[in-house]
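**Student:** This is the structure I want to talk about, given as structure tokens.
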Amino acid sequence: MSTQVPHAEQGIFQKYFWSTDHKIIAMQYLFTGMAMGLIGGYLAYVFRMQLAFPGHSVPGFGIVTPGEYNTVVTMHGSIMIFWVAMPVLIAAFGNFLIPLMIGCDDMAFPRINRLSYQIFLLSAVVLVASFLVKGGAFGGAWTSYPPLSASGAYNLTPLGASLWLVAVALEFVAFLLGGVNFIVTAMNSRAPGMTMYDIPMVVWMIVLASIMFMASVGPLIAGAVMLLFDQTLKTGFYDPARGGDPLLWQHLFWFFGHPEVYVVLLPAIGIVAELLTVFARKKLFGYKTILYTTWATVIISFLVWAHHQFVAGIDPRMANIFSVTTLLVSVPITEMVFLYIATLYGGSIRFHTPMLWAVAFVAEFMIGGVTGIFLGASGTDIYLHDTYFVIAHFHYTFVPIAIFSVFGGLTYWYPKMFGRMLNDTLGKVHFWGTAIPFNLIFIPLFITGAAGDQRRTYNYALFAEQSRPVLQHLRMFATFGLLVMLLFQLVFLFNFFWSLRHGRRAEANPWMANTLEWTVPSPPPHGNFAKLPTVYRGPYEYGVPGRIDDYWPQDVPN
Amino acid sequence: MLANLTVVPKVAPRRFALWTLLISFGGLGLSGCRLGPTDAATRGKELFETCVPCHQPDGSGSPVLGAPNIAGMKEWYVEKQLEKFRDGIRGTHFSDVEGMRMRPMALSLPTDEDVKAVAHYVESLPPVRHASSLPGDPRAGAALYATCSACHGPNGAGNQDLGAPRIGGIDDWYLATQLRKFKRGVRGADSRDFDARLMRPMALTLADDDAVRNVVAYIGTLRP
Amino acid sequence: MLERYLTGASTYAHSIDHLFLLIAALVGFWLIVAEIALFWLSFKFRRKQGRPTQYVTGEEKHLARWVTIPHLLVIVCDIVILVPALIVWFNIKQTNPPIEQTVRVFGQQWAWSFQQPGPDGILDTADDIRTVGELHVTVNTTYRFELRSRDVVHSFAVPSFRLKQDALPGRTISGWFRPNRVGTYDIQCTQICGIGHALMAGRVIVETPQEHAAWLIRASNPALAERESPPASATGASIVAEVRR
């Protein structure tokens, strides 16, 4: 493998828009994801304001009609999962970290990598464009159940529905290409000496997530093509009047949809593993155990999908099987969380901003995990299914995943990405301004959910039980939390862009970490390593007895 | 060491943090307020967005969805029908599939003023005329129309005092559907729907579906 | 626990509420233990000058115990939750108690409509009572419902009954409920079904046998209904009153 790619001067377009360099592609994914995140946040603002003040004109949007509300919640869900969590967690961190952490110069297939981003960008453009077509963007929920999604006469957004499907399918193609790259690179391009157990946890997690994605997405792509045919060619795959079956889509969707949750979870817990060890100055507690429990999670998560469908009209006997597997998946995840907590034991914990995010991730994710038990237990799910309890539950998993771990990872790797340090004080202001309001949003929603608030409802005026003033006050309180949380994101944006120019210059290894990305200058040059490193030990050798330094980089000979 | 990381420029970010806090809480206060009262015309136009998915932006309707052409329909009639839907006088019959789709939309309008505002906006839309879509004999229908002209007027312009809407220029498929609904009692079944209860026996004078199509074809020739 | 947020008005409401309480107690305990462990360790092992970190791999037996023992306890808790959860599910969804009445429920965009036997007590006869948005049932009677959809997927949900079941086009899905408290309760649609999803409201009115008999006479005799104010008006007016509030 060549050490240094001959480095000709490139034009701006060539360098930033047509690059095959994994770091540039990572930045492209990161900034696209952040831009989509702003759209997703704005949509959340719109529907929370509508729920808090139904019938009033929302500043910056106008009156929210029932159809617009459906569109807004559908797009919020789709964007946050497919166009924010996926590109940032898997593609941005995966692209940036995998070659640097395993000690190679670039991805195994750089041009496929470039293609992957371009297809992803196209999918984002198609999705955003769908807001502008006649009828507006799709409004049939991110789960897109037929027959509602299959016929324009039912969903009243015929063009939006097709564009949504096309965008999602393109996005899947992009991540399949990216995933192939991650797996091949991590398996074949590791630095000499790096065994399977010397791979940093975050790389393992991204690779496992890519494997899961590849294994689960196939049926859904087939299903999406059938749905597109139903929409445009008037076939009847999901139309019971013509021998089709609407339940078929639900199975295909959730066979992908549930592993998808773990696809975004795994990179997040990988990032948190890096943060916990570096800032606690501790070896990861039970590296191999974590790896095996992750494998167990991966396998079991393919067997739980129908817990989304307990009351969907499937054979009620099936619910028993899926209830058991669902509670079974709690076992490896609990073990993982215990191991993370145990990692803190005996450490010397430095509470810089990234560490705050990491600890908050563990603390909040546990709430998301335990509330999942209520929904996995088929008996209580009868009542809680499709209520705000579900919404609060999965936001307690997704927000730690897609917000907390991402901010943790960004504040941690920012010096390596941009060569400057972020301001730690602003980082802490942003942390508390995000973590506290987050709880203010979703704790009230657990209560409204337990009181029976159903999802995707733009106004509860027609429901006597749901329009009790106490519930309306809780909804207003949640909206208040959201507004505070959104406003504090300005602190982050300021810190991010201000530090790009004015932050303190970062040395190669500002956090005194062990992994290989910290052995190269910040930011790393084209080709990453001046001389490809050799690895002598695992990534988490902190506080090894008998050494003066409390860390021991992977590439330092004994 | 790691502890030194935070040192560099402290003043600017701190001041920024303070301002952010101030602005954020100020913004919160504002966000609860309505940004100025909107006049009825603007509100009517904005609320009409609710109707657009079925009735189209120009109000010309969609036969596929069973949504009638409402462009330019008189305010008093639109308002009356919206109120009937809201009160459960229309759209609550077991077989009235289109009515059951319309009723929730009428219920989504928050207040009576909003109903009026939307109705006003609907009247302000320029009327659209569609070509006939049903086979029918206007000459045979002309004789049948005598019954109708008593209330709806010889040229189908309608009469507010009698509660009779304009029917000239309304799409033939919609008129036929409504006449059939009147005949079956799907429309006008509710004892509080006085206008429809007047209309029902008139519709029943049309002996069969040919008669319905013929009279509808004749109405299609009227220019109110 | 759920009773505090919403009254239970059917026989199985209590079993779901008890299950909820059981899960809340068990997972709540573990959540608190784990959060305390997390914050206590974060506090105890915060950086202190002159205190080096300990080198712990987590592979040692005496340390791994600290993870495996709580872990086994979690499995035990899982089973303790799972068994009653499956029993509750079995009782609600997999058994058919003796049925006293049958009602057919239709979902369509965007209303619930109901077909009930008339005075003859037999479904699919000429005197069947068809209502929209309003279901009248007798208290302490076991009802079997046959759920159908006329267009898209809906979900028939009566939160006070703790009842929820999706309606699928092309299938008839049946289930049962037994109301045990007189009153008027909301019917929701909990599966997105188009732009009117949030407005697809209905009422289930649980009546005493006498009230129900009176309603039956009114509803099956339109001539009588015309003289009095028919029951449909009550719902319509009350819904609009709530909208306007």
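**Student:** Here are some residues: C:P84, C:P159, C:P70. Which one is in contact (Cβ under 8 Å) with a residue 60 or more places away in the chain, of a type outside the set (F, W, Y) and not assigned by TED's automatic domain parsing to the domain that holds C:Q191?
**Tutor:** From the options C:P84, C:P159, C:P70, the qualifying one is C:P84.
**Student:** Kindly evaluate A:L422 against the criterion of being among the aliphatic types (A, V, I, L, M) and part of a helix (DSSP H, G or I).
**Tutor:** no
**Student:** Any chance the range A:82-99 includes a residue that's polar (S, T, N, Q), touching a Leu at 6+ places or on another chain (Cβ under 7 Å) and away from every other protein chain (no Cβ under 14 Å)?
**Tutor:** no
**Student:** A follow-up question, please. Every residue in the range A:385-403 that is of a type outside the set (S, T, N, Q) and either facing chain C (nearest Cβ under 8 Å) or more than 19 Å from A:A478 (Cα to Cα) (or both), please.
**Tutor:** Passing the criteria: A:H385, A:D386, A:I401, A:A402.
**Student:** Filter the range C:65-91 down to residues that are under 17 Å from A:Y345 (Cα atoms) and facing another protein chain (nearest Cβ under 7 Å), then give me how many there are.
**Tutor:** Residues in the range C:65-91 being under 17 Å from A:Y345 (Cα atoms) and facing another protein chain (nearest Cβ under 7 Å): 3 in total.
**Student:** Quick one: how many residues across the range A:290-319 are in a helix (DSSP H, G or I), surrounded by fewer than 18 Cβ atoms within 10 Å (Cβ to Cβ) and more than 25 Å from the chain's Cα centre (by Cα)?
**Tutor:** Going through the range A:290-319 one residue at a time, the tally reaches 2.
**Student:** I want to confirm something. Restricting to the range B:27-53 and keeping residues that are among the small types (G, A, S) and either assigned to a helix (DSSP H, G or I) or at positive phi (or both), which single residue is modelled with the lowest pLDDT?
**Tutor:** Only one residue tops the list, namely B:G36.
**Student:** Return the residues of the range A:476-510 that are surrounded by fewer than 22 Cβ atoms within 10 Å (Cβ to Cβ), under 30 Å from C:G202 (Cβ atoms) and more than 10 Å from chain B (Cβ to nearest Cβ); say none if nothing qualifies.
**Tutor:** Across the range A:476-510, the qualifying residue is only A:F477.
**Student:** Right, something else. Within the range C:5-20, restricting attention to residues that are more than 9 Å from chain A (Cβ to nearest Cβ) and not in a loop (DSSP other than H, G, I, E, B), which residue is surrounded by the most Cβ atoms within 10 Å (Cβ to Cβ)?
**Tutor:** Once the filter is applied, the top-ranked residue is C:S10.
**Student:** Looking at (1) more than 18 Å from the chain's Cα centre (by Cα); (2) of a type outside the set (D, E); (3) in the same structural domain as B:D195 (by TED's automatic domain parsing); (4) on the phi < 0 side of the Ramachandran plot, can you tell me which one B:S132 breaks?
**Tutor:** (3)
**Student:** Here's something else I'd like to know. Any idea how many residues of the range A:330-359 are outside any loop (DSSP other than H, G, I, E, B) and closer than 14 Å to C:V67 by Cβ?
**Tutor:** Step one: of the range A:330-359, the residues outside any loop (DSSP other than H, G, I, E, B) are A:330-343, A:349, A:353-359.
Restricting the remaining residues to those that are closer than 14 Å to C:V67 by Cβ gives A:331-343.
Number of matching residues: 13.
**Student:** Answer yes or no as to whether A:S151 is among the hydroxyl-bearing types (S, T, Y) and away from every other protein chain (no Cβ under 14 Å). Outline the logic, then answer.
**Tutor:** Values: among the hydroxyl-bearing types (S, T, Y): yes; away from every other protein chain (no Cβ under 14 Å): no.
Considered against the rule, which asks whether it is among the hydroxyl-bearing types (S, T, Y) and away from every other protein chain (no Cβ under 14 Å), A:S151 comes out as no.
**Student:** For A:I391, indicate whether it is of a type in the set (V, I, T), free of Cβ contacts under 8 Å to residues at least 60 places away in the same chain, under 30 Å from A:T325 (Cβ atoms) and surrounded by fewer than 23 Cβ atoms within 10 Å (Cβ to Cβ).
**Tutor:** So A:I391 does not fit the description; no.
**Student:** Please verify whether the range C:67-77 includes one or more residues that are surrounded by fewer than 14 Cβ atoms within 10 Å (Cβ to Cβ) and at pLDDT 90 or above.
**Tutor:** Yes, the conditions are met somewhere in the range C:67-77.
**Student:** Look through the range A:285-303, keep the residues that are in contact (Cβ under 8 Å) with a residue 60 or more places away in the chain and closer than 24 Å to A:H385 by Cα, and return whichever of them is farthest from the other protein chains (Cβ to nearest Cβ).
**Tutor:** My answer is A:F302.
**Student:** Taking the residues in the range B:83-98 that are part of a helix (DSSP H, G or I) and farther than 15 Å from B:R192 by Cβ as candidates, determine which candidate is farthest from the other protein chains (Cβ to nearest Cβ).
**Tutor:** If we take residues in the range B:83-98 being part of a helix (DSSP H, G or I) and farther than 15 Å from B:R192 by Cβ, then B:E98 is farthest from the other protein chains (Cβ to nearest Cβ).
**Student:** Continuing with this model, one more query. B:E113 passes all but one of (1) surrounded by 16 or more Cβ atoms within 10 Å (Cβ to Cβ); (2) within 14 Å of chain C (Cβ to nearest Cβ); which number fails?
**Tutor:** Result: B:E113 fails condition (1) only.
**Student:** A follow-up question, please. Looking at (1) more than 8 Å from every other protein chain (Cβ to nearest Cβ); (2) under 30 Å from C:T95 (Cβ atoms); (3) of a type outside the set (D, E, K, R), which is the only condition A:A360 fails?
**Tutor:** Of (1) more than 8 Å from every other protein chain (Cβ to nearest Cβ); (2) under 30 Å from C:T95 (Cβ atoms); (3) of a type outside the set (D, E, K, R), only one is false for A:A360: (2).
**Student:** Within the range B:68-82, which residues are away from chain C (no Cβ under 12 Å) and not charged (D, E, K, R)?
**Tutor:** The answer is B:P68, B:N69, B:I70, B:A71, B:G72, B:M73, B:W76, B:Y77, B:V78, B:Q81.
**Student:** Which one of A:R468, A:R455 is within 14 Å of chain C (Cβ to nearest Cβ), touching an Asp or Glu at 6+ places or on another chain (Cβ under 9 Å) and modelled with pLDDT under 95?
**Tutor:** When all the criteria are applied, what remains is A:R455.
**Student:** Taking the options A:A273, A:A268, name whichever one is within 14 Å of chain C (Cβ to nearest Cβ), within 19 Å of the chain's Cα centre (by Cα) and small (G, A, S).
**Tutor:** A:A273 is the lone residue from the list that is within 14 Å of chain C (Cβ to nearest Cβ), within 19 Å of the chain's Cα centre (by Cα) and small (G, A, S).
**Student:** Could you tell me whether C:V56 is closer than 30 Å to A:P316 by Cβ and facing another protein chain (nearest Cβ under 7 Å)?
**Tutor:** The answer is no for C:V56.
**Student:** Looking at (1) facing another protein chain (nearest Cβ under 7 Å); (2) modelled with pLDDT under 90, find the lone condition where B:P104 falls short.
**Tutor:** Exception for B:P104: condition (2).
**Student:** Okay, moving on. Report those helices (runs of 4 or more DSSP H) wholly inside the range B:120-224 carrying at least 2 residues which are without any contact (Cβ under 8 Å) to a residue 12 or more places away in the chain.
**Tutor:** B:138-152, B:194-204
**Student:** To continue, here is another question. List the helices (runs of 4 or more DSSP H) inside the range A:124-238, counting only whole elements, that have at least 2 residues being surrounded by fewer than 18 Cβ atoms within 10 Å (Cβ to Cβ).
**Tutor:** Details: elements: A:152-155, A:158-188, A:201-232.
Correct list: A:158-188, A:201-232.
**Student:** Let me ask something else. Considering every residue within the range B:55-74, establish whether at least one is touching a Leu at 6+ places or on another chain (Cβ under 6 Å) and of a type in the set (K, R).
**Tutor:** No, the range B:55-74 has no match at all.
**Student:** If I go through the range A:484-493 residue by residue, how many of them are within 14 Å of A:T411 (Cβ to Cβ) and of a type in the set (F, W, Y)?
**Tutor:** 1
The values are calculated or read from the model by the stated rules, or taken from the named source; none is laboratory data. This one's a predicted model, so the numbers in the text were calculated from it and none came from an experiment. Please note: Cβ atoms are built from the backbone with ideal geometry, for glycine as well, and neighbour counts cover all protein chains shown.
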